[in-house]
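K.L.:
Below is a structure I'd like to ask you about.
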Amino acid sequence: MRFASLGSGSKGNATVIQAGSLNLMVDCGFSLKETTARLEAIGLVPGDINMLLVTHEHGDHIRGISVLSRRFKIPVWASEGTSRYFTRDDIDLRAINVHAEYQIGELKVRSIPVPHDAREPCQFIFQTEDDCLGILTDAGSITPHIVAAYQDCKAMLLEFNHDRDMLMNGDYPLTLKNRIGGEHGHLSNDQSCGLLKALLPGKLKFIVAGHLSESNNSPEIVGAELNRLTQKYDYQFEIAAQHSASGWYEPDRLC
Ligand SMILES: [Zn+2]
Ligand SMILES: [Zn+2]
């Protein structure tokens, strides 16, 4: 299994997971033109995508979903609540039970309910016989269920949305600060480091920090936080960009 971020942050998110002949895309917050260009950067075309999985209905996650699904006849899977957002009946939409596990080719897919201000938001864990990748963004708090669910992950794409001081001292309106920093908002650097401390030392060996706020965080701050933890725990990390695709991450080769 390998994966790539096509971009991560409040202006758009998409992640591609490849296992055997299967290419799954989690979320698509980019236009078709942008998605096509970013897929090309990792050697794929939109027609290579077999399935679209949607975490929740916020624009930075679904902006490109319907057009991609219609144009290339790609099925869309989303939670019961999220699926109600899609009103057009010309996409192949399947409402999934967020408490169930699904086998897609060689991938076991689990959805994990998360506290976020959407209809029925969930995040995903992908498992093969040897590998386990967890995606976790857009969560306002770390629940005991999250800690338990991500325990087996060898690699994670994990939200590092904001530095709490930057958010609180910045110029966002108070209501927005409260939304982002609230229990159904986004994970702060501290919250995500807290999750890592709960998971490490363990199976986790590779972390991609994602969904960084361009106003209330920086790759330097996140890098410093993650570097600090590497003095105690053995893992490698990367930081996903908003405006460009990453290369393929192949955790097995890194670890
Ligand atoms: Zn988001
Ligand atoms: Zn969101």
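K.L.:
Any idea how far apart A95 and D165 come out in nm if each label point goes 7 Å out from Cα toward Cβ?
P.N.:
4.7
K.L.:
Over the stretch 2-242, what is the percentage of antiparallel beta bridges among all DSSP beta bridges, to the nearest 5?
P.N.:
If I count the DSSP bridges inside the stretch 2-242, around 50 percent turn out antiparallel.
K.L.:
Where is the GNM fluctuation largest for the chain (alpha-carbon springs, 10 angstrom cutoff): S21, S83, S218?
P.N.:
So, out of S21, S83, S218, the one fluctuating most is S21.
K.L.:
If you don't mind, another one. Once Rh for the chain is found with the Kirkwood sum over Cα pairs, what is the Stokes-Einstein diffusion coefficient at 10 °C and 1.306 mPa s, in µm²/s?
P.N.:
For the chosen part, D equals 88 µm²/s.
K.L.:
List every residue whose amide H lies under 5 Å from the amide H of V208, counting only residues 5 or more places away in sequence or on a different chain, with H placed 1.01 Å from N in the peptide plane.
P.N.:
Correct list: M156, L157, L158, E238.
K.L.:
Taking trypsin sites (Lys or Arg not before Pro) as exposed when DSSP calls them loop (any state but H, G, I, E, B) and at most 11 other Cβ atoms lie within 10 Å, what is the longest stretch of the chain free of them, the sites themselves excluded?
P.N.:
89-231
K.L.:
Let me ask something additional. If the viscosity is 0.692 mPa s and the temperature 37 °C, what translational diffusion coefficient in µm²/s does Stokes-Einstein give for the stretch 1-152 when Rh comes from Kirkwood over Cα pairs? It would help to have the intermediate numbers written out before the result.
P.N.:
Details: Rh = 15.4 Å.
Taking Rh from Cα pairs, D becomes 214 µm²/s.
K.L.:
Report the one residue of M166, L200, G20 whose Cα lies farthest in the direction of the positive end of the charge dipole of the chain (charges on C-beta: Lys and Arg +1, Asp and Glu -1; origin at the Cα centre).
P.N.:
Looking along the dipole axis, the top candidate is G20.
K.L.:
Report the FRET efficiency, 1/(1 + (r/R0)^6), for K33 and R70, where r is their Cβ-Cβ distance and R0 is 22 Å, rounded to 0.05.
P.N.:
0.90
K.L.:
Now, a different point. For every helix of n ≥ 4 consecutive DSSP H residues, a contribution of -39,500 (n - 2.57) applies; sum these over the chain, divide by its total residues, and give [θ] at 222 nm rounded to the nearest 500 deg cm²/dmol. Could the numbers behind the result be given before it?
P.N.:
Values: 10 runs with 73 residues, N = 255.
Theoretical 222 nm ellipticity from helices: -7500 deg cm²/dmol.
K.L.:
Here's another thing I want to ask about it. Please turn the phi angles of the stretch 196-206 into ³J(HN,Hα) values with the Karplus equation 6.51 cos²θ - 1.76 cosθ + 1.60 (θ = phi - 60°), one per residue in order, whole Hz, x for glycine and proline.
P.N.:
Values per residue, Gly and Pro as x: 4, 5, 6, 8, 9, x, x, 7, 5, 10, 9 Hz.
K.L.:
D190 versus S141, label points 7 Å from Cα toward the beta carbon: distance in nm?
P.N.:
Inter-label distance under the simple model: 1.5 nm.
K.L.:
Give the long-range amide H neighbours of G9: residues separated by 5 or more places, or on another chain, with amide H under 5 Å away, using H modelled in the peptide plane at 1.01 Å from N.
P.N.:
Those qualifying (amide H under 5 Å, at least 5 residues apart or on another chain) are H211.
K.L.:
Is there a pair in K108/K232; K11/K33; K11/K197; K11/K177; K177/K232 whose C-alpha atoms are over 20 Å apart, and which pairs would that be?
P.N.:
Over 20 Å Cα-Cα: K108/K232; K11/K197; K177/K232.
K.L.:
Still on this structure, I have one more. Which net charge results for the neighbourhood of M51, defined as the other residues with beta-carbon distances under 13 angstrom from its beta-carbon, given Lys and Arg at +1 and Asp and Glu at -1?
P.N.:
-1
K.L.:
Could you tell me which of S188, L93, Q127 has its Cα farthest along the dipole of the chain towards the positive end, charges placed at Cβ (Lys, Arg +1; Asp, Glu -1), taken about the Cα centre?
P.N.:
Of the listed residues, the answer is L93.
K.L.:
In addition: Can you give the longest run of the chain that contains no GluC sites (Glu not before Pro) sitting in a DSSP loop with at most 12 other Cβ atoms inside 10 Å?
P.N.:
With GluC sites (Glu not before Pro) excluded where exposed in loops, the chain gives 1-128 as its longest stretch.
Rule-based calculations on the coordinates, nothing more; no lab input. Given the structure is predicted, the values throughout are model-derived calculations rather than measurements. FYI the Cβ positions are ideal-geometry reconstructions off the backbone, even for glycines, and counts take in every protein chain you see.
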